[in-house]
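In what follows, a structure is listed as structure tokens, so that the remarks can point back to it.
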Amino acid sequence: MRLVHLSDIHLGFRQYQRQTPTGINQREADVAISLRHVLDKVIELKPDLVLIAGDVFHAVRPSNPAILHAFHQFSRLMQALPDSTVVMVAGNHDTPRTAETGCILRLFSPLGINVVEGEPKRIPFPEHDLSILAVPDMGKTPPFEPDAHAKHNILLLHGEIEGILPRSGRELDRRPMGITEQELGADRWDYVALGHYHVYRKIAANAYYSGSLDYTSTNSWGEMTEEREMGIGGKGIIEHDLSTGKHKFHAIPPLRQWIDLPSLSGAGLSPASLDEAIRETVENFEGGIDDKIVRLVVREVPRHILRELDHKALREYKRKALQFHLDTRRPDIVRPDAGQGAPGRRASLADTVRDKLRSRVLTENIDREALVELGLHYLREADLVAGPAEEEALA
């Protein structure tokens, strides 16, 4: 029996200001297309079972276009795979904070999808001698017990396995249910399908996060770094055979390219020299930056150099790319440690602002990465208008 495991679609996710000709946020449209491409692959694989491990939407109350797109795509899936079973659990982004608010995922039940929200549900499939314990995001951790009468047992849940995920992978605005490895008991199950973490990750021999379908977290650049280090190949879905144990991650690249340009050092460079280094890095990138999401980290840039950069050229890069982020970082400030006499590094103001905004609890529908970039933008603007008196005080 073959299954496909996918998670963290985040339909309705919005980022940056550009819109499509029809007035939809461009990143929202990108995420919608990513789902369509993924379901094309699922239909091609023709699995017996499709497991969707939560966070179908980015918000409890998604936009009408996001709802309509989801309904159309899941209708297409059910029509193309009439003999397949589809089970979907609600994630922390799908789950209302109050019991009075209904879960939007209920809309998909009439399509024949087994939707589980609010409380755990055991779903038996006698024809396959299979039992699925489906656990949505909830305030408390329920007991995870396999069905002793079934040959195959699957645990489908959305949550954070405590002590496993790196700090960069923890959503701070809407924390999910926390589960210990002991509570999970992965060795008691034939397969554990996890949702919440946005990078494909093995938790145990038979327990996996499938990762998200697009870059929709608060730390997309961190995700890409982890994916490169692990040799994953980006976003995708899992195919797993319960009978043979054969396991495969199918990489399905998102529509929009994210480009992390080679970083630069501004140490000792004049504004003109740094402008030239930035220009060469951008213009020599194979394929160009047009309509891509681009970051260029430039370290060791004093504020007086930053003020004198060619901002007209930077605006042109921003016009070409969907998003161009010049991530400038000031030289480290090294001062003696109090009472120790040894040099120590003090975080720059930009580092402090970045860390504070990334750890701040946010209300729903606020794009954390956009907030961080806006905060750093205002900080740079303040640097540019600082007067001579400030320079003298800092000297």
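The values are calculated or read from the model by the stated rules, or taken from the named source; none is laboratory data. This is a predicted model, so every value here is computed, not measured. Quick reminder, even Gly has a Cβ in these numbers, built from the backbone with ideal geometry, and neighbours come from all protein chains shown. With ligands, DNA and RNA removed, areas are computed over all heavy atoms of the protein, side chains included. Shrake-Rupley method; radii C 1.70, N 1.55, O 1.52, S 1.80 Å.
Structure above, values below:
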read-out	value
Whichever lysines have a C-alpha closer than 30 Å to that of residue 121, once near sequence neighbours (fewer than 8 apart) are set aside	41, 46, 140, 151, 202, 235, 246, 248
Volume of the Cα convex hull of the chain, divided per residue and given in Å³	178 Å³
Vicinal HN-Hα couplings computed from phi for the range 203-208 (Karplus, 6.51 cos²θ - 1.76 cosθ + 1.60; Hz; Gly/Pro x)	9, 8, 4, 10, 10, 9
The range 52-160: relative contact order as a whole-number percent, Cα under 8 Å and 6+ apart	27 percent
Solvent-accessible area, 1.4 Å probe, carbon plus sulfur percent, for the chain	50 percent
Nearest-20 debye value, the chain charge dipole, Cβ charges on Lys, Arg, Asp, Glu	360 debye
The range 14-93: trypsin sites (Lys or Arg not before Pro) falling in loop per DSSP and having at most 14 other Cβ within 10 Å	18
Where the chain is the region considered: accessible area per residue in Å², 1.4 Å probe	47 Å²
DSSP beta bridge pairing in the chain, given as percent antiparallel to the nearest 5	35 percent
Cα gyration tensor, the range 29-127 - rounded (a/c under 1.5), prolate or oblate	oblate
Sites residue 72 and residue 267 - FRET efficiency at Förster radius 41 Å, r taken between beta-carbons, to 0.05	0.15
Highest average packing first - 7-13, 317-323, Cβ atoms within 10 Å	7-13, 317-323
Cleavage-rule hits (GluC sites (Glu not before Pro)) in the range 97-140: DSSP loop, at most 16 neighbouring Cβ within 10 angstrom	100
